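Inspection log for the structure reproduced underneath, given as structure tokens.
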Amino acid sequence: MANNNNNSAYPSSLRAWSTVAILMLAYVLSFVDRQILNLLVGPIRRDLVISDTQMSLLMGLSFALFYTVCGIPLGRLADTKSRRGLIAIGVLFWSAMTAACGMARLYWQFLLCRIGVGVGEAALSPAAYSLIADSFPAERRATAISVYSMGVYLGSGLAFLLGGLVIKFASAQGDVLLPVLGEVRPWQLIFLILGAAGVLFTLLLLAVREPARRGVGAGVAVPLAEVGRYLRANRRTVLYHNFGFAGLAFAGYGSAAWIPTFFIRTYGWDAGHVGVVYGSIVAVFGCLGIVFGGRLADWMAKCGRTDANMRVGLYAAMAALPCVASFPLMDNALWAAVLMAPTVFCLSMPFGVAPAAIQEIMPSAMRGQASAIYLFVITLIGLGIGPTAVALVTDYLFADDQALRYSLLIVSTLAVSSSLLLLAKGLQPYRESVLHLQQWAAQPGRS
């Protein structure tokens, strides 16, 4: 059973931030593996002979469905078992599946490998959120989780940058001959390299030390029935929170999956140029946005806002709406790229504060499971459906590859608008849930 020393001091700042840094690197690696497909649409479609819709299933649903389904039992394990060990097993498994993507010759083989990547990556975030929550006091958690969540944007940016540079190199070199594997395409080589890098990365996890579990019932396996009762008692908050942030994830994942192709089809850019430009925007402005969101939430919390984490999500949706409605309509690539900066900044703001909000309304022994449910909803809706929604509008509403810009406009605008409404309605229920946890913890027998 995990240590339940609620009164012990938090880890030193050096140890706590070292843990965050290593976990962030794991998240970077996971997002490079996850997002690299977005820049490789052309060569993969060509070699596997597939449509935009089939490609979108590789980008999103095949990964997201199993990521979300496996996340809930893995989140339960994170509440009681070694979180570091769980993450290490997950990294090894998803890295092996990433390398296997590089050996796929047929569509169904690639599909199965992407499912495997999703299963492995499902082990990371519930355990990471729990480790970070036990390493920092409440008034610093939003910033700490936001720094961890920078991995989303560093990883996505590196995926585009790496893909862009490799495509430029490959245009001059052509296919590569490898021992044992034989001749491989440049896009296949990327997956093989990433898989090997992930296996090596697991050694770094040895530097992570488990902090003492904190809070009511920390480290105790809470019956599923009790978890269900607690969630039902806070169902309005959970629904507004999960689906409100899922709308922003829908817009973010849906647009990110197709923005490289949007620049290629609409403005005639080559994939290498898109990778460098868009990758730089994602890495810089995504990281700035997510850290700004965390700092803003912590500042508002110190000023007495108990709904600070939810409120940052609402502000992000308000700011993102004019951005997502503007960039697809630009007449030239320069202005579209310029408008991508505030779009990425605004859509990244909520994704440190959203998981931080979960930590503030759930008992310690239920945090991993509640985080897994949150990840289930935002990943299934955002990554699972977002890219496919854009592809379906392009393929079936417009039936024209060149109409991708209008698909992005329609899908992103509707998604962000729904988030704005849900998060606004969720502020009061969230405040009530913060109070409910305090009252629940004060009941006799809770210690």
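Read the figures in this text as sums done on the coordinates, not as results from a lab. Not measured: the values here are computed from a predicted model. Here the Cβ positions follow ideal geometry from the backbone for every residue, glycine too, while neighbour counts run over all protein chains shown.
Working from label points 7 Å from Cα in the Cα-to-Cβ sense, the LEU165 to TYR406 distance is 3.9 nm. When you work out D = kT/(6 pi eta Rh) for the chain at 4 °C and 1.567 mPa s, using the Kirkwood radius from C-alpha pairs as Rh and the Stokes-Einstein form, the result is 59 µm²/s. For the stretch 362-368, 3J(HN,Hα) computed residue by residue from phi via the Karplus equation (6.51, -1.76, 1.60; θ = phi - 60°) reads 10, x, 4, 6, 10, 5, x Hz, glycine and proline entered as x.
Helix 404-441 against the longest principal axis of the chain: what's the angle in degrees, Cα atoms only, rounded to the nearest 10? Long axis of 404-441 versus the principal axis of the chain: about 10 degrees.
Phi angles across the stretch 72-85 convert, under the Karplus curve 6.51 cos²θ - 1.76 cosθ + 1.60 with θ = phi - 60°, into 3J(HN,Hα) values of 5, x, 5, x, 5, 4, 5, 7, 9, 9, 5, 6, 5, x Hz, Gly and Pro given as x. Within a straight-line Cα-Cα reach of under 28 Å, LYS425 can be paired with the following lysines, leaving aside sequence neighbours fewer than 8 residues apart in one chain: LYS302. Distance from the C-alpha centroid of the stretch 265-331 to that of the stretch 333-362: 4 Å, rounded to the whole angstrom. Summarising the amide proton neighbourhood of LEU178: residues at separation of 5 or more, or on other chains, whose placed amide H is nearer than 5 Å comprise GLU183, VAL184. Helical content alone sets the calculated 222 nm signal of the chain at -24500 deg cm²/dmol, taking -39,500 (n - 2.57) per DSSP H segment of four or more residues and averaging over every residue.
Sorting 120-128, 406-414 by average packing, meaning the other beta carbons within 10 Å per residue, from highest down gives 120-128, 406-414.
Using the Karplus relation 6.51 cos²θ - 1.76 cosθ + 1.60 with θ = phi - 60°, the per-residue 3J(HN,Hα) values for the stretch 275-288 come to x, 5, 5, 5, x, 5, 4, 4, 5, 7, 7, x, 5, 4 Hz, with x marking Gly and Pro.
For the stretch 62-165, the list of trypsin sites (Lys or Arg not before Pro) that fall in a loop by DSSP and count at most 11 other C-beta atoms within 10 angstrom reads ARG105.
Given their separation in residues at 0.36 nm each and the Cα-Cα distance between them, ARG46 and ALA9 gain 7.7 nm when the chain is fully extended. With distances taken between every two different alpha-carbon atoms, the stretch 233-374 has a Kirkwood hydrodynamic radius of 16.2 Å. The share of alpha-carbon pairs in the stretch 326-400 lying farther apart than 21 Å comes to 52%. Judged by the ratio a/c of the largest to the smallest principal axis of the C-alpha gyration tensor, the stretch 96-218 counts as prolate, that ratio being 1.5 or greater while a/b is larger than b/c.
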